[in-house]
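Data first, discussion second: the structure below is written as structure tokens.
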């Protein structure tokens, strides 16, 4: 009996041992299967990584090739833009020269007795020339503002002087539409490029007049947070909300019956110039009631000298004063003779080059020299002015007339204290500068 019990216990013990061993074997087999699975997964992952690496290397190679192509295309585009700028700069003189002569001839014609029909023709011709001038200036301005090498001449600008000049310039345009054009007096002096600030104001005022049929245009200044904000308000057709962004794009005009003359470039120039100069722009408009544009300008401390090119109050009579004109174009020389002699009562002596002007001056210096920048045989108006002043032994007052928008010419004029006028030349502008110089 005891032997059977002992055998039973031994069998039970062996059974437990066997169960434990089987359990361990099962665990080992399970672990071995998991390790194999992990190994297989690692191999598959490595293959996937290699495939993705090859794809990435190919993508990087493609991207590098695209970048090279883009770099070549960008270089070609920049060179094309530089070529366009150089062409427009070189061609501007030849483009604006005949237009300037035509406007001076037309000014002389309007000063002569005309019947009603002839007066109407003269007015229509004047309007056509103004449109051509506006378009050419717009194209040249956009070309300059798109150039990466543009240089601004920042200096204090007296807004009162600028407003006086703009009032004279745009009064006829407003009167022809029966509109009131008002400028609020201001003593503010701001820092900006005088030429481009004037272009900004010109475009805003011209645009306001074009899109206003009744009422008027008001130009003024508000001082806020250390800035002077030029405001141009009109009682025109207004701008709808969906159009307030696109009006700053090229060739965009607000559609309406009859339309407004122009090519839709004015506000594009305003946006470009303000972006380059760092002047913020704001606009508010109510369709059917009008629009206000605001340009923010940094204020200049009181006491700093300021001015605007060609600005000034009415000066003394020019009658009998001697003007020596250096101009190589026959039509322009004749136009100067008519403008200076017949309209202003001056004595006009015209020469085609520096040497001729020196011989014509002799021992008696003129009251003023008017020289075109582009003369023949590499001669320039600046050289003429310098040579005539040296021969006279006096800083004879002088004016340089040019169609080239070149910052180097502007700097040279500033160094020589010579006002610079751009073509097409406006008779009123030339008269104002002459009166200021000879006053």
Report summary line: Those residues of the range 179-197 which are within 17 Å of residue 217 (Cα to Cα) and part of a strand (DSSP E or B) amount to 180, 181, 182, 183
Query raised in the report: Across the range 247-290, what is the number of residues that are modelled with pLDDT under 60 and within 30 Å of residue 155 (Cα to Cα)?
Result: 2
Query raised in the report: Scanning the range 366-399 for residues that are surrounded by fewer than 21 Cβ atoms within 10 Å (Cβ to Cβ) and touching a strand residue (DSSP E or B) at 6+ places or on another chain (Cβ under 6 Å), which turns out nearest to residue 429 (Cα to Cα)?
Result: 367
Query raised in the report: Can you find a residue in the range 233-241 that is assigned by TED's automatic domain parsing to the domain that holds residue 268, touching a residue at least 40 places away in the same chain (Cβ under 8 Å) and part of a strand (DSSP E or B)?
Result: yes
Query - Wholly enclosed helices (runs of 4 or more DSSP H) of the range 360-439 bearing at least 3 residues under 22 Å from residue 194 (Cβ atoms) and modelled with pLDDT under 90 - result: 407-415, 427-438
**Report entry** Residue in the range 148-167 that is surrounded by the fewest Cβ atoms within 10 Å (Cβ to Cβ), counting only those that are closer than 18 Å to residue 231 by Cα and in contact with a helix residue (DSSP H, G or I) (Cβ under 7 Å, 6 or more places away or on another chain)
**Finding:** 166
Query raised in the report: Which numbered condition trips up residue 172, out of (1) out of contact with any strand residue (DSSP E or B) (no Cβ under 7 Å at 6 or more places or on another chain); (2) without any contact (Cβ under 8 Å) to a residue 60 or more places away in the chain; (3) not in a helix (DSSP H, G or I)?
Result: (3)
Report task. Take the range 313-337 and flag every residue that is assigned to a helix (DSSP H, G or I) and under 34 Å from the mean Cα position of the chain (by Cα). Result -> 330, 331, 332, 333, 334, 335, 336
Query raised in the report: Considering 219, 189, 195, which residue is closer than 19 Å to residue 275 by Cα, touching a residue at least 12 places away in the same chain (Cβ under 8 Å) and touching a helix residue (DSSP H, G or I) at 6+ places or on another chain (Cβ under 9 Å)?
Result: 195
Requested in this report: Find all pairs meeting these conditions: Cβ atoms under 6 angstrom apart; at least six residues apart or on different chains; first residue within the range 390-406 and under 19 Å from residue 340 (Cβ atoms); second residue part of a strand (DSSP E or B).
Outcome: 396/369; 397/368; 398/369; 399/370; 400/371; 400/420; 401/372; 401/421
Report task. Give the residue that is surrounded by the most Cβ atoms within 10 Å (Cβ to Cβ), with candidates limited to residues of the range 276-301 that are over 22 Å from the mean Cα position of the chain (by Cα) and not in a strand (DSSP E or B). Result -> 300
Query raised in the report: Given the structure, is residue 98 surrounded by 10 or more Cβ atoms within 10 Å (Cβ to Cβ) and at pLDDT 70 or above?
Result: yes
Query - Among the candidates 111, 116, residue that is under 29 Å from residue 428 (Cβ atoms), at pLDDT 70 or above and either touching a strand residue (DSSP E or B) at 6+ places or on another chain (Cβ under 7 Å) or exposed (fewer than 10 other Cβ atoms within 10 Å of the Cβ) (or both) - result: 116
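The values are calculated or read from the model by the stated rules, or taken from the named source; none is laboratory data. Quantities reported herein were computed from a predicted structural model and do not represent experimental measurements. Neighbour counts are summed over all protein chains in view; Cβ atoms, including those assigned to glycine, are modelled from backbone coordinates with ideal geometry.
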